[in-house]
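Colleague: Before we start, here is the structure in question, set down as structure tokens.
No lab work stands behind these numbers, since they all come straight from the coordinates. What you are looking at is a predicted structure, and each value in this text was computed from that prediction instead of being measured. Because the Cβ atoms are built from the backbone with ideal geometry, glycine has one as well, and the counts that use them run over all protein chains shown.
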Amino acid sequence: MRRSTALATTAILTGVALTAIASPAVAAPNGPKPPSPGETVAQAEHLIGPLTFDVTPDGTLYVGQDFAGLLTKISGGTSEDLATGPGVAAVSTLDGVVTWGEREGDMEQVLASRLMRRGADGTVTSVDVLAWEEENNPDADAEYGFRDLPEECLAQIPPFLLPFVGPHGGAIDTHVYGSLMLKDVTYVADAGANAVLAVDSAGDISTVAVLPPSSFVATEALAASFGLPDCVVGHEFITEPVPTDVELGKDGWLYVTSLPGGPEDASLGANGSVYRVNPTTGEVQLYATGFAGASGLAVAPNGTVFVAELFADRVSVITKRGEVSTFAELTSPAGVEWQRGRLYVSTDVFGDGRVVSIGLR
């Protein structure tokens, strides 16, 4: 049992598929009818870990092939690698400019975390997000882990696990996993910092909001699987939020997907969520929950939200009334984008990755 990036984000990075059990709620019969999928068209194939991507109005794809360390442009049936780097994610575009994230490190520590930008002229610049995290650490005062264990129980936890499962605040960690580039600001879903960040045109970073944590009650099976003593059974474990994507709704709020920072297996259920975040005040509202690996989302112009459930092999849809249902069944979907009336999804991300577009009806 480890902290946010090690618990949940690493499952994405390493391709460890977890067994999801919960199904989304079915839209109420008297509510607005959710869209159903129409024609599905392959837009790109044979990709290596296409966890995040963006698509421009003319259909050009910019794909972060995370497992290959490549940022790839795909247009008119041809592809071009624009950049190489570790852990390429958080791909977004605006007017010929491409933004993406890079992370160096492993499950236990981060060695570098950068927000990269390639201008229309090919010039590449970067923002050192790790340096900012080391100085600011927006969730340093949060309370995660087992917060109510007696001292004699804490003493039985293996020393190498104690920093992760005992009471702790947010560690120094950053993983620029999702981004949204607007005219004067880029919003970042930082899966390591557990926060939504704003990066202005000068490269200055500020905290928009730290997302709320999730929690679960430890079971005997969970304790045994992680090598924890029986005395933790029945105690609440507070998990770190893991933001994975950020988009802007027509209502002016940011919509953010988050993994729960803990296992999403049969013993705990599906606890991924979508939050609304006010970019001006930092107010956070829970929009929907119950997703198995909420790794990406798209917001249609009419306010409909689509969520990729990485560990449930589906894309779910949230109507404006907040009702959730399955939109399409796809193998290991990760990134989701909306463009010109079609939904674009990266799928099969742990194997022979693809990006497909799906019409709506």
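Colleague: Can Ala202 be described as surrounded by 14 or more Cβ atoms within 10 Å (Cβ to Cβ), free of Cβ contacts under 8 Å to residues at least 24 places away in the same chain and outside any strand (DSSP E or B)? Reasoning before the result, please.
Modeller: Details: surrounded by 14 or more Cβ atoms within 10 Å (Cβ to Cβ): no; free of Cβ contacts under 8 Å to residues at least 24 places away in the same chain: yes; outside any strand (DSSP E or B): yes.
So Ala202 fails the test.
Colleague: Out of Gly303, Gly290, which single residue is at positive phi, under 17 Å from the mean Cα position of the chain (by Cα) and either in contact (Cβ under 8 Å) with a residue 40 or more places away in the chain or buried (at least 18 other Cβ atoms within 10 Å of the Cβ) (or both)? First the steps, then the outcome.
Modeller: Working: Gly303 fails: under 17 Å from the mean Cα position of the chain (by Cα).
It is Gly290.
Colleague: Quick check on this structure: which one of Ala83, Ala44 is within 23 Å of the chain's Cα centre (by Cα) and within 25 Å of Ser316 (Cβ to Cβ)?
Modeller: Numbers: Ala83 fails: within 25 Å of Ser316 (Cβ to Cβ).
Unique residue meeting the criteria: Ala44.
Colleague: Another one. Out of the residues in region 49-94 that are assigned to a loop (DSSP other than H, G, I, E, B) and not small (Gly, Ala, Ser), state the one that is farthest from Val345 (Cα to Cα).
Modeller: Residues of region 49-94 that are assigned to a loop (DSSP other than H, G, I, E, B), as a first pass: 49, 56-60, 69, 76-77, 85-88.
From what's left, not small (Gly, Ala, Ser): 56-58, 60, 86, 88.
On the way: Thr56: 14, Pro57: 15, Asp58: 16, Thr60: 14, Pro86: 23, Val88: 17 Å.
The residue in question is Pro86.
Colleague: For residues in region 118-136 being under 15 Å from Ile205 (Cβ atoms) and free of Cβ contacts under 8 Å to residues at least 60 places away in the same chain, which is surrounded by the most Cβ atoms within 10 Å (Cβ to Cβ)? Can you show your working first?
Modeller: Going residue by residue through region 118-136, those that are under 15 Å from Ile205 (Cβ atoms) are 125-136.
Narrowing further to those that are free of Cβ contacts under 8 Å to residues at least 60 places away in the same chain: 126, 128, 130-131, 134-135.
Working: Ser126: 14, Asp128: 15, Leu130: 22, Ala131: 14, Glu134: 12, Glu135: 9.
Ranking the candidates gives Leu130 first.
Colleague: Considering only region 98-107, I want to know if a residue exists there that is among the small types (Gly, Ala, Ser), closer than 18 Å to Thr186 by Cα and under 17 Å from the mean Cα position of the chain (by Cα). Give the steps one after another, and end with the answer.
Modeller: First, pick out the residues of region 98-107 that are among the small types (Gly, Ala, Ser): 101, 105.
With closer than 18 Å to Thr186 by Cα added as a condition, the list becomes 101.
Still in the list and also under 17 Å from the mean Cα position of the chain (by Cα): 101.
Yes, that holds for at least one residue.
Listed here are the residues, each with its yes/no results for (1) touching a residue at least 60 places away in the same chain (Cβ under 8 Å); (2) touching a Cys at 6+ places or on another chain (Cβ under 9 Å); (3) closer than 15 Å to Ala191 by Cβ.
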| position | (1), (2), (3) |
| --- | --- |
| Phe216 | no, no, no |
| Val232 | yes, yes, no |
| Lys250 | no, no, no |
| Gly262 | yes, no, yes |
| Gly272 | no, no, yes |
